[in-house]
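The values are calculated or read from the model by the stated rules, or taken from the named source; none is laboratory data. A quick note: this is a predicted structure, and the numbers were derived from the prediction, not measured. Don't worry about glycine lacking a Cβ; one is built from the backbone with ideal geometry, like all the others, and counts go over all protein chains shown.
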Amino acid sequence: MYAFDYHRPTSVAEAAKLLASTPEAKLQSLAETLGTRPSEFWIVFSHVQGAESADILTRLKQNGYTMADWVERRAAGAVLLRQE
């Protein structure tokens, strides 16, 4: 089992701060959880607001990932990302 940090916000402000983490911070958190930076992974988007999913994908591309595949259904989507 991998070690991870579990967060249980006690206020809306604390939850908003956790959700506002940058994509780079989320990628680093994933790498720390897995013990390495993944060469391939799926990211799932549901209930996104505005251009949030595009912003996340742009930042992941800046960090060396490309979209290998994607699936869209109704208001959700999943993207397979691969390290370049």
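Miscellaneous remarks
- In the condition set (1) among the hydroxyl-bearing types (Ser, Thr, Tyr); (2) over 11 Å from the mean Cα position of the chain (by Cα); (3) at pLDDT below 85, Thr58 is compliant with all but (3).
- Residue within the stretch 1-18 that is out of contact with any strand residue (DSSP E or B) (no Cβ under 8 Å at 6 or more places or on another chain), surrounded by 14 or more Cβ atoms within 10 Å (Cβ to Cβ) and modelled with pLDDT of 70 or more present: no
- Residue count for the stretch 47-84 under the criterion of being under 19 Å from Gln28 (Cβ atoms), among the basic types (Lys, Arg) and without any contact (Cβ under 8 Å) to a residue 40 or more places away in the chain: the result is 2.
- Residues in the stretch 45-82 that are in a strand (DSSP E or B) and surrounded by 14 or more Cβ atoms within 10 Å (Cβ to Cβ): Phe45, Tyr65, Trp70, Gly77, Ala78, Val79, Leu80, Leu81, Arg82.
- Filtering the stretch 29-41 to residues that are among the hydrophobic types (A, V, I, L, M, F, W, C) and surrounded by 13 or more Cβ atoms within 10 Å (Cβ to Cβ) leaves Leu30, Phe41.
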